[in-house]
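Novice: Pasting in a structure now, in structure tokens, and then I'll have a few things to ask.
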Amino acid sequence: MVPALLALVAVAATTMPAVLAPADAAAAATTTAGAPAGVTLDAVPVAAATTAGAAAAVTVDAVPVASAPPPSAVRTLEPEEDELVERYAPVVRVREQLEPCGNGEPYLPVDVDVLMDNDGVALRGPWTTNDLVGIAPSADDIGAGLLDYHLDFPGDALDPGCGYEQWARTVSSGTVPTVYGRVVEDAARPDQLAVQYWFFYIFNDFNNLHEGDWEMIQLVFDAPDAAAALEVDPTSIGYSQHSGAERADWGDKKMEIVDGTHPVVYPAEGSHANFFSPALYLGASSATGVGCDDATGPHTQLRTRTDVVPTAGSQDGYPWLGFRGRWGERQEAFYNGPTGPNMKTQWTAPIRWSEDSWRDSSATVPLGASLAPTATDAFCGVVEGGSNLLRQLIRNPPAVLLGLAVIVGVLAAIASRTRWGPGDPYPVRQRRSWGRIIVAARRMYGRHPLLFIGIGLVYLPVMLLAAGLQWLLVEAGELTSLVDTDGDQNAATVFVVVLMGGAISLLAYFCVVAATAQALRDLDDGQPVTVLSAYRAVRAKLRPLALVAARLVLVVWALLLFVFTAPLALIYAVRNGFAVQAVMMEDRPAGAAFHRSRDVVRGQWWRATAVAALVVGLGAITGPFVGVVLLLVSDGSFNVINLITALVYVVTIPFVALVLGYLYVDLSLRAGSPDAGEDRPEVSAGALP
């Protein structure tokens with residue numbers, strides 16, 4: 001819940017600039033009936049391309065880019081403009097979707113004409129009530145300007161389901177994905193020229209859900225006009241991403257070029273933010289979007305139609321370009337429909353826009369895996385969860401607020417039903433309420449902070465070792481060819497890297513838990529304890545610990561393979577999870593340690609589960625929580641922030657291990673086992689040794 005609330009605030013604070021319209025109390029346009037129809041296009045499955053920045057620009061065998069038939073209306077178009085736009089028309093590769101309403105990109109760039117005179121589209125005025133102006137507006141109707149009016153498509157933007165996808169397939173059936181190209185000058189930069197390509201999508205299925213989505217790319221030439229631009233190469237190119245854009249020099253290694261002139265564009269699934277390479281991208285601002293843009297493969301290559309819009313008299317052939325309203329349903333803030341191309345800075349000042357708004361790179365989520373989630377691992381899910389919560393809050397405020405109040409009330413009631421004090425850490429071998437177990441662990445940690453932080457420090461070099469091995473495996477090993485061919489999300493690559501990273505991080509976790517249990521035992525016995533002595537004891541019991549760890553991991557992993565056996569994984573983990581403490585605190589071999597763990601949990605499973613889940617869960621989210629905050633408020637690199645997250649685990653994992661150690665002793669005493677030592681009553685603070 002805390003990460004979700006954090007993301008809720010983050011999404012609200014870093015939204016794209018928008019002209020806010022009044023809340024619309026009216027219902028959305030009536031849904032068009034009819035079964036979904038497939039989009040007609042020439043789709044060519046392609047492998048994902050190289051990781052951003054990792055491979056040189058490549059030239060692929062020619063892929064035909066179809067010319068647009070001239071529009072029915074008369075237009076003013078210089079032949080050099082037409083030739084220039086056609087020469088650099090982009091190749092679009094969307095994430096492959098194998099079945100309707102399944103994973104992958106369902107929305108393709110459509111011909112805007114399919115929306116005109118369409119009785120599934122409503123035109124709404126800028127009023128809070130009785131705002132319906134009419135249905136099936138024509139291009140001439142909206143071309144009159146109509147500032148702050150809205151086009152309203154069938155469906156509810158805040159609860160889209162599969163309706164928009166089905167409607168998009170229906171209205172675009174029989175058409176070809178369309179790109180609108182234009183040549184445009186900038187009055188303040190007379191010696192430069194821009195060539196733009198605009199894409200329109202029916203729906204934006206990202207964290208900021210909204211109807212309608214305009215995206216574009218732009219090439220810049222050091223030339224005063226189209227004729228001169230035909231004689232030179234572009235100097236730079238920019239891809240729109242949310243309210244910002246990413247640039248590259250023409251021919252940069254992160255670019256992919258088809259047939260020498262056609263740049264490849266990878267729109268992220270749902271958001272349609274345009275990227276140069278297939279990867280998972282992370283953004284934490286309005287310019288980059290708040291969340292994770294997925295442009296990974298496999299892809300489907302679209303052979304789009306390039307419709308060339310004349311520089312002069314564009315509204316003669318495309319009257320809808322005069323629309324000054326919103327291309328989507330009226331909603332609050334960033335759920336509102338977007339404005340059209342003519343309302344954006346780059347429409348009239350493209351060169352100045354490129355100078356002011358383009359950035360040099362986009363941040364990719366590092367490839368890797370660990371037992372404890374990193375900041376970048378957690379960020380995507382946290383922001384998505386927060387966005388969902390915010391959306392529900394906007395749709396139904398009373399229900400969401402009531403739900404939050406109930407959760408807070410339940411947690412408060414649970415906390416009030418335990419005793420929290422005095423929570424003395426000594427003697428370790430005594431019964432405690434679960435509240436006192438947590439307090440005792442905190443006080444023990446406070447008395448010996450250097451000892452337990454030192455024990456936790458083993459986590460850091462082990463994680464660095466895992467990261468280094470992953471890098472060698474992917475960048476310098478045999479998996480490089482897989483990455484270069486299929487992108488950094490190739491299934492075989494990811495499986496090997498995740499398996500290796502998970503195994504190494506599990507090793508670190510078990511070592512810290514075992515060393516902490518040994519330190520707790522020695523402190524209770526009055527023995528001198530150091531980090532080295534704790535790990536010497538772990539080394540001496542390495543065989544039973546390894547057997548315990550291997551059995552726990554393999555059995556739990558096997559149970560998690562199937563949904564119907566997943567609950568058994570939790571039951572097994574709690575019943576057998578205290579075998580590590582049995583090995584370290586009672587010198588038991590592996591088999592006997594498992595029997596011991598089951599004995600102490602028998603009849604106390606709910607108590608053991610509640611305390612362990614609470615502490616392990618809080619310990620697991622602390623690092624990502626800190627990392628997500630840093631991602632939102634700082635400009636630090638992802639690797640640095642992930643390192644900070646690892647340092648947080650250096651501190652928190654020993655505390656989690658202390659709680660588990662105290663819990664094990666408490667369960668043993670309540671089970672009436674003589675092996676747990678003397679069952680001494682809790683003593684007051686004044687009686688502490």
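The values are calculated or read from the model by the stated rules, or taken from the named source; none is laboratory data. Keep in mind that this is a model prediction, so the values were computed, not measured. When we count neighbours, we look across all protein chains shown, and the Cβ atoms used for this are built from the backbone with ideal geometry, even at glycine.
Novice: Under 6 Å between Cβ atoms, which residue pairs at least 6 apart in sequence (or on different chains) link something in the stretch 414-440 that is without any contact (Cβ under 8 Å) to a residue 60 or more places away in the chain with a partner that is in a loop (DSSP other than H, G, I, E, B) and surrounded by fewer than 16 Cβ atoms within 10 Å (Cβ to Cβ)?
Specialist: Going by the 6 Å Cβ cut-off, the qualifying pairs are 433/418; 433/419; 435/418; 435/419; 435/420; 439/420.
Novice: Test residue 186 against the stated conditions and say whether it is in the same structural domain as residue 280 (by TED's automatic domain parsing), touching a residue at least 40 places away in the same chain (Cβ under 8 Å), within 22 Å of residue 118 (Cβ to Cβ) and not hydroxyl-bearing (Ser, Thr, Tyr).
Specialist: No: the conditions fail for residue 186.
Novice: Another one. Name the residue, out of 682, 678, that is under 12 Å from residue 428 (Cβ atoms), in contact with an Asp or Glu (Cβ under 7 Å, 6 or more places away or on another chain), outside any helix (DSSP H, G or I) and at pLDDT below 80.
Specialist: Unique residue meeting the criteria: 682.
For every residue, the table says whether it meets (1) surrounded by 17 or more Cβ atoms within 10 Å (Cβ to Cβ); (2) modelled with pLDDT of 90 or more; (3) touching a strand residue (DSSP E or B) at 6+ places or on another chain (Cβ under 8 Å).
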residue: 584; (1), (2), (3): yes, yes, no
residue: 611; (1), (2), (3): yes, yes, no
residue: 617; (1), (2), (3): no, no, no
residue: 623; (1), (2), (3): yes, no, no
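Novice: Another question, if that's okay. Among the listed residues 121, 46, identify the single one that is in the same structural domain as residue 331 (by TED's automatic domain parsing), modelled with pLDDT of 65 or more and among the β-branched types (Val, Ile, Thr).
Specialist: Exactly one residue qualifies, and that residue is 121.
Novice: Yes or no: the stretch 573-581 includes at least one residue that is under 20 Å from residue 459 (Cα atoms), of a type outside the set (D, E, K, R), surrounded by 13 or more Cβ atoms within 10 Å (Cβ to Cβ) and at pLDDT 95 or above.
Specialist: Yes.
Novice: Within the stretch 125-167, can you find the residues that are closer than 17 Å to residue 113 by Cα and touching a His at 6+ places or on another chain (Cβ under 6 Å)?
Specialist: Correct list: empty.
Novice: Of the residues in the stretch 221-248, how many are in a strand (DSSP E or B) and exposed (fewer than 15 other Cβ atoms within 10 Å of the Cβ)? Write out each step before concluding.
Specialist: Initially, the stretch 221-248 is screened for residues in a strand (DSSP E or B), giving 221, 236-241, 244-248.
After this cut, where a residue has to be exposed (fewer than 15 other Cβ atoms within 10 Å of the Cβ) as well, the list is none.
Here the count works out to 0.
Novice: Being free of Cβ contacts under 8 Å to residues at least 60 places away in the same chain, closer than 27 Å to residue 650 by Cβ and not acidic (Asp, Glu) is the requirement here; does residue 568 meet it?
Specialist: The answer is no for residue 568.
Novice: Do the conditions hold for residue 565, that is, is it surrounded by fewer than 17 Cβ atoms within 10 Å (Cβ to Cβ), part of a helix (DSSP H, G or I) and of a type in the set (Val, Ile, Thr)?
Specialist: Taking the combined requirement at face value, the residue satisfies it.
Novice: Considering each of 464, 479 in turn, give the residue that is surrounded by fewer than 20 Cβ atoms within 10 Å (Cβ to Cβ), over 21 Å from residue 515 (Cα atoms) and either more than 25 Å from the chain's Cα centre (by Cα) or at pLDDT below 80 (or both).
Specialist: Matching residue, one of 464, 479: 479.
Novice: Run residue 424 past the list (1) assigned to a helix (DSSP H, G or I); (2) more than 15 Å from residue 519 (Cα to Cα); (3) touching a Leu at 6+ places or on another chain (Cβ under 7 Å) and report the number of the one that doesn't hold.
Specialist: (1)
Novice: Condition first: surrounded by 24 or more Cβ atoms within 10 Å (Cβ to Cβ), closer than 26 Å to residue 335 by Cβ and under 37 Å from the mean Cα position of the chain (by Cα). Can you find one or more residues in the stretch 180-189 that meet it?
Specialist: Yes, the stretch 180-189 contains at least one residue that is surrounded by 24 or more Cβ atoms within 10 Å (Cβ to Cβ), closer than 26 Å to residue 335 by Cβ and under 37 Å from the mean Cα position of the chain (by Cα).
Novice: Ok, one more. Evaluate the stretch 312-322: report whether one residue or more is polar (S, T, N, Q), over 30 Å from residue 386 (Cβ atoms), in contact with an Asp or Glu (Cβ under 9 Å, 6 or more places away or on another chain) and surrounded by fewer than 22 Cβ atoms within 10 Å (Cβ to Cβ).
Specialist: Keep residues of the stretch 312-322 that are polar (S, T, N, Q), which gives 314-315.
Then drop every residue that is not over 30 Å from residue 386 (Cβ atoms), which leaves 314-315.
From what's left, in contact with an Asp or Glu (Cβ under 9 Å, 6 or more places away or on another chain): none.
Scanning the stretch 312-322 turns up no residue that is polar (S, T, N, Q), over 30 Å from residue 386 (Cβ atoms), in contact with an Asp or Glu (Cβ under 9 Å, 6 or more places away or on another chain) and surrounded by fewer than 22 Cβ atoms within 10 Å (Cβ to Cβ).
Novice: Going through the stretch 107-152 one residue at a time, which ones are surrounded by 15 or more Cβ atoms within 10 Å (Cβ to Cβ) and part of a helix (DSSP H, G or I)?
Specialist: Result: 112, 113, 114, 115, 139, 141, 142.
Novice: Also, I was wondering about something else. Pairs please, first residue from the stretch 266-281 and acidic (Asp, Glu), second anywhere and assigned to a strand (DSSP E or B), Cβ atoms under 8 Å, 6+ apart in sequence or on different chains.
Specialist: From residues that are acidic (Asp, Glu), the pairs are 269/94; 269/95; 269/293; 269/294.
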